[in-house]
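**Student:** The structure's right below; bear with me while I get my questions together.
The values are calculated or read from the model by the stated rules, or taken from the named source; none is laboratory data. Quantities reported herein were computed from a predicted structural model and do not represent experimental measurements. Positions of Cβ are generated from backbone atoms using ideal geometry, with glycine treated the same way; all protein chains shown enter the neighbour counts. Side chains are part of the model used for accessible areas, which takes the heavy atoms of the whole protein and leaves out ligands, DNA and RNA. Shrake-Rupley method; radii C 1.70, N 1.55, O 1.52, S 1.80 Å.
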Amino acid sequence: MIVILLATAFIGCKKQDDFLDTKPNQALAIPKTIADLQSLINNEDVFNRNYPSLGEVSTDDYFNSTSLWVSSYTTGKNAYIWAKEIYPANTNVQDWSGSYQQVYYANIILKTLPTISSSANQQLQVNTIQGSALFFRAMAFYNLVQTFALPYDPASASKDLGIPLVMEPDLTAKVGRNTISECYSQIITDLNAAAPLLPAVPTVKTQPSQAAVFGLLSRIYLVMDKFNESLTFAKNCLALYNQLQDFNKLNPSAFPVYPKFSPEEIFHASQLGYTNTSFQAQVDSNLYRSFSTSGDLRPSIFFYNDNGAIEFNSQYDYKNALSATISVNEILLTKAECEARLNDMASAMNDLNSLLTTRWATGKYVPLTATSADDALNKILVERRKELVLTGLRWSDLRRLNKESRFAITLYRHINGQTYSLPPNDPRYALPIPDTELNFNPIPQNIR
């Protein structure tokens, strides 16, 4: 199947791991021990880096000056203006190939693990390896379906085209596009299988855990508009891990703001880097003006003033890459949104206030109130918009919220005297399948 993996599947592998050496036909020798599989699952360069970001490039989180846009790589430039054609011919599109690389590694592990003998005292390790592979495969499929397929619609999900569900470690197999319903079903199946195999909370934040599984399930059910299920998994996640960061204790002049991981992170990964979202990218001016000027510490933590240009700060991790995390703030906002949508206004506002009080200067925060569940929902979505800026979640939020006319918005870009727009529910909310894939495996292309 994913032929472009042949050139990229082993970036970041350790030289001393002989079983990772490329082979003429299959590119990966068969791991022979549990230690071999542990080395595979610990490969952060594969499983924790280069998460798809063309969706983020296409959002309204940020602004590019004309000069930055002109100097950007072609793919990022085209995604920024929602062009019909995005990739230069025969380009390796890492948003696609990187995720299928993760799928390939996960499938190698899941296929090989039952064939390797292990002792009774290795069972916990075996379980964790299996659960981790299931989590990473589910995460990769989810990222792909958010980027290269249209938003989930229960009325048409059984026939809408999703992405190829590659379930075997065969680089030459040609797999057709599954339906969106099949994609989400497989993702959820993998995560449900992973949960009992994993530790409750991570010992290392780049490794999966039950809390991460529940957080991802909550995210998935939210984009499916299944609010009862999303709420259940948000509660399950926060029951295991719910630490919030007091912004009063952060140094806004520090870079990175967090020397390694934020204490709010449940699972840490990073997004692919495009010039558009580099250190010269500026926060969208309307978004920046929506922050309070009286006590809200987020503007000083999230952004910095570069001679009048308001650029991003805390969104970059310790490797200078944009974070792509499952974090307590996201899950708490998801929980609050679901509660508001299910008419539990009191719980929704309590959750929102418990988050925001950690973001305000000590003694300055005045708890928000709501007059109705709809009023609570509006306030929660406003804060979600601000709190999760440039974290890779805005694209999915735009896709799902555009289905509700009261929240639908048209995005605009103004470049070189020309205006570009992306209306709600436009087909361009699914990025095109790379031609390198289509040349090898002629699956249907997305309409643009």
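**Student:** Out of contact with any Phe, Trp or Tyr (no Cβ under 7 Å at 6 or more places or on another chain) and within 20 Å of VAL145 (Cβ to Cβ): does that describe SER396?
**Tutor:** Criteria met by SER396.
**Student:** Can you list the helices (runs of 4 or more DSSP H) found entirely within the range 1-79 that contain at least 1 residues being among the β-branched types (Val, Ile, Thr) and either modelled with pLDDT of 90 or more or touching a strand residue (DSSP E or B) at 6+ places or on another chain (Cβ under 8 Å) (or both)?
**Tutor:** Here the list reads 34-41, 44-47, 54-57, 66-71.
**Student:** Quick check on the range 317-337. Is at least one of its residues without any contact (Cβ under 8 Å) to a residue 40 or more places away in the chain and open to solvent by 30 Å² or more (accessible area, probe 1.4 Å)?
**Tutor:** no
**Student:** A further question follows. What pairs come out if I take residues in the range 69-93 that are under 19 Å from TYR412 (Cβ atoms) and pair them with residues that are acidic (Asp, Glu) and surrounded by 14 or more Cβ atoms within 10 Å (Cβ to Cβ) whose C-beta lies under 8 Å away, six or more apart or interchain?
**Tutor:** Here the result reads TRP82/ASP426, each pair linking the range 69-93 to a residue that is acidic (Asp, Glu) and surrounded by 14 or more Cβ atoms within 10 Å (Cβ to Cβ).
**Student:** For the range 374-432, which residues satisfy the criterion of being open to solvent by less than 40 Å² (accessible area, probe 1.4 Å), within 23 Å of the chain's Cα centre (by Cα) and more than 30 Å from ARG359 (Cα to Cα)?
**Tutor:** Correct list: LEU422, ASP426, TYR429, ALA430, LEU431, PRO432.
**Student:** Further question: Please find, among ASN329, ASN286, the residue that is modelled with pLDDT under 95 and in a helix (DSSP H, G or I).
**Tutor:** Going through ASN329, ASN286 in turn, the sole match is ASN286.
**Student:** Further question on the same structure: Among the residues of the range 256-277, write down those that are assigned to a loop (DSSP other than H, G, I, E, B), open to solvent by less than 30 Å² (accessible area, probe 1.4 Å) and under 27 Å from ASN307 (Cβ atoms).
**Tutor:** VAL257
**Student:** Report, ordered by the first and then the second residue, all pairs with beta carbons closer than 9 Å, sequence separation of six or more or different chains, a first member in the range 143-160 that is under 13 Å from LEU54 (Cβ atoms) and hydroxyl-bearing (Ser, Thr, Tyr), and a second member that is open to solvent by 10 Å² or more (accessible area, probe 1.4 Å) and assigned to a loop (DSSP other than H, G, I, E, B).
**Tutor:** THR147/PRO52
**Student:** Evaluate the following for TYR429: is it among the aromatic types (Phe, Trp, Tyr) and out of contact with any Asp or Glu (no Cβ under 9 Å at 6 or more places or on another chain)?
**Tutor:** So TYR429 passes the test.
**Student:** Scan the range 338-356 for residues that are in a loop (DSSP other than H, G, I, E, B) and surrounded by 17 or more Cβ atoms within 10 Å (Cβ to Cβ) and jot them down.
**Tutor:** If the condition is that a residue be in a loop (DSSP other than H, G, I, E, B) and surrounded by 17 or more Cβ atoms within 10 Å (Cβ to Cβ), then ASP344 is the only one that fits.
**Student:** Sticking with this one: Inspect all residues belonging to the range 359-377 and state whether any of them is touching a Gly at 6+ places or on another chain (Cβ under 9 Å), part of a strand (DSSP E or B) and not hydroxyl-bearing (Ser, Thr, Tyr).
**Tutor:** Yes, some residue in the range 359-377 is touching a Gly at 6+ places or on another chain (Cβ under 9 Å), part of a strand (DSSP E or B) and not hydroxyl-bearing (Ser, Thr, Tyr).
**Student:** Tally the residues that are part of a loop (DSSP other than H, G, I, E, B) and either at pLDDT 95 or above or crowded, with 16+ Cβ neighbours inside 10 Å (or both), restricting the search to the range 190-203.
**Tutor:** Of the residues in the range 190-203, 5 are part of a loop (DSSP other than H, G, I, E, B) and either at pLDDT 95 or above or crowded, with 16+ Cβ neighbours inside 10 Å (or both).
**Student:** May I ask you to list the residues in the range 135-182 that are of a type in the set (Phe, Trp, Tyr) and either under 24 Å from LEU113 (Cβ atoms) or open to solvent by less than 10 Å² (accessible area, probe 1.4 Å) (or both)?
**Tutor:** Hits for the range 135-182 are PHE135, PHE136, PHE141, TYR142, PHE148.
**Student:** Is it true that some residue in the range 380-403 is part of a strand (DSSP E or B) and under 25 Å from ALA83 (Cβ atoms)?
**Tutor:** There is no residue in the range 380-403 that is part of a strand (DSSP E or B) and under 25 Å from ALA83 (Cβ atoms).
**Student:** Six or more apart or on different chains, Cβ under 9 Å: which pairs go from a residue in the range 103-123 that's touching a residue at least 12 places away in the same chain (Cβ under 8 Å) and farther than 22 Å from ALA140 by Cα to one that's surrounded by fewer than 16 Cβ atoms within 10 Å (Cβ to Cβ) and among the basic types (Lys, Arg)? Could you list them?
**Tutor:** If the second residue must be surrounded by fewer than 16 Cβ atoms within 10 Å (Cβ to Cβ) and among the basic types (Lys, Arg), the pairs left are ILE116/LYS32.
**Student:** I would also like to ask the following. Kindly indicate the residue of the range 271-308 that is acidic (Asp, Glu) and within 19 Å of ASN64 (Cα to Cα) and also farthest from the chain's Cα centre (by Cα) among those meeting that condition.
**Tutor:** Restricting to residues being acidic (Asp, Glu) and within 19 Å of ASN64 (Cα to Cα), the top hit is ASP306.
**Student:** Here is a further query. Taking only pairs six or more apart or across chains, which ones have beta-carbon atoms under 6 Å, a first residue in the range 246-266 that is free of Cβ contacts under 8 Å to residues at least 60 places away in the same chain, and a second residue that is open to solvent by 50 Å² or more (accessible area, probe 1.4 Å) and in a loop (DSSP other than H, G, I, E, B)?
**Tutor:** Listed by first residue and then by second, the contacts come to LYS260/TYR318; PRO263/GLN243.
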